[in-house]
1. Taking K and R as +1 and D and E as -1, what net charge do the other residues with C-beta under 11 Å from the C-beta of THR97 add up to?
2. Probe of 1.4 angstrom, ligands and nucleic acids ignored: what's the accessible area per residue over segment 44-189, in square angstrom?
3. How many percent of the accessible area of segment 139-189 is carbon or sulfur, using a 1.4 Å probe?
4. Could you work out Rg/(2.2 N^0.38 Å) for segment 53-130, with Rg from alpha carbons only?
5. Within segment 62-119, report the trypsin sites (Lys or Arg not before Pro) that DSSP leaves as loop and that have at most 14 other Cβ atoms within 10 Å.
6. Tell me which residues come under 5 Å, amide H to amide H, from LEU38 once H is placed; ignore anything under 5 positions away on its chain.
7. What pairs from LYS10/LYS169; LYS53/LYS169; LYS7/LYS153; LYS157/LYS188; LYS116/LYS157; LYS12/LYS186 go past 24 Å between their alpha carbons?
8. Taking just the alpha-carbon atoms of the chain, what radius of gyration and Dmax come out, in angstrom?
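The values are calculated or read from the model by the stated rules, or taken from the named source; none is laboratory data. Keep in mind it's a predicted model, so treat the numbers as computed, not measured. Here the Cβ is made from the backbone with ideal geometry for all residues, glycine too, and neighbour counts use every protein chain on show. Note: accessible area is taken over every heavy atom of the protein model, side chains too, but ligands, DNA and RNA are not part of it. Shrake-Rupley method; radii C 1.70, N 1.55, O 1.52, S 1.80 Å.
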Amino acid sequence: MYSVLEKFIKSKVEIDAESLDKICSCFKLLKTKRNQILLDYSQVCNFYYFINKGSIRLFTISKDGNESSRFFAFQGSFATALPSFIDQLPAEEYLQTIEKSELLCITRADFYRLVKEIPQFAQLYTEILELGFIIAQKRIYGFQGFDALDKVKWVIKHQPQLLLKVSNKMAASYLGISPSTLSRIKSKL
């Protein structure tokens, strides 16, 4: 059950077996259905998820009912509604599985206890934050001035799983283009 998580941790930090076991023991298995909401808009986020199998997206819904995908995470990565997880205020976004998934979840209390007690876990957390920040910044600044084709090419280069694993509707909302435009571009690539 923990092999994907263990492999991920070992690929990021040098860690002894005892510390690795302590980390893994704090994660509990959660099996989800397709499109299951893990966190509602008005809820406070109290869990961090590692994706053993499946995928997760973070999204908002506008007043007119349109969804805007903000972040996707796939097998072998972490996901949460980070601002709410950190500041313990309502999320103001949704966290949802995209497909039937197998997640390893850790409570906020256990997560921060591990950050304090195990230096390698703190190092791992820092690396996850930095990587997330870099991807977000590249997406925000990279998309400025990009036309639809350039946006799709950027995603293919930086997040190749996205176009393979999620619907055109979700991917288009992430890219800020229409699903029909995305379909047209994908057919030409």
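1. Numbers: positive: LYS31, LYS33, ARG34, LYS53, ARG57, LYS100; negative: GLU99, GLU102.
Charge balance near THR97 sits at +4.
2. Numbers: 7440 Å² over 146 residues.
On a per-residue basis, 51 Å².
3. Numbers: 1660 of 2980 Å².
After summing per-atom areas, the C and S share lands at 56 percent.
4. Details: Rg = 14.1 Å, N = 78, 2.2 N^0.38 = 11.5 Å.
Scaled against compact globular proteins, the figure is 1.22.
5. Details: sites: LYS63, ARG70, LYS100, ARG108, ARG113, LYS116; in loops: LYS63, LYS100.
Of the trypsin sites (Lys or Arg not before Pro), the ones in loops of segment 62-119 whose Cβ has at most 14 other Cβ atoms within 10 Å are LYS63, LYS100.
6. The list, which skips near neighbours in sequence, is LEU95, GLN96, THR97.
7. Working: LYS10/LYS169 35 Å; LYS53/LYS169 22 Å; LYS7/LYS153 30 Å; LYS157/LYS188 16 Å; LYS116/LYS157 36 Å; LYS12/LYS186 34 Å.
Exceeds cut-off: LYS10/LYS169; LYS7/LYS153; LYS116/LYS157; LYS12/LYS186.
8. Gyration radius and largest Cα-Cα distance of the chain: 17.2, 52 Å.
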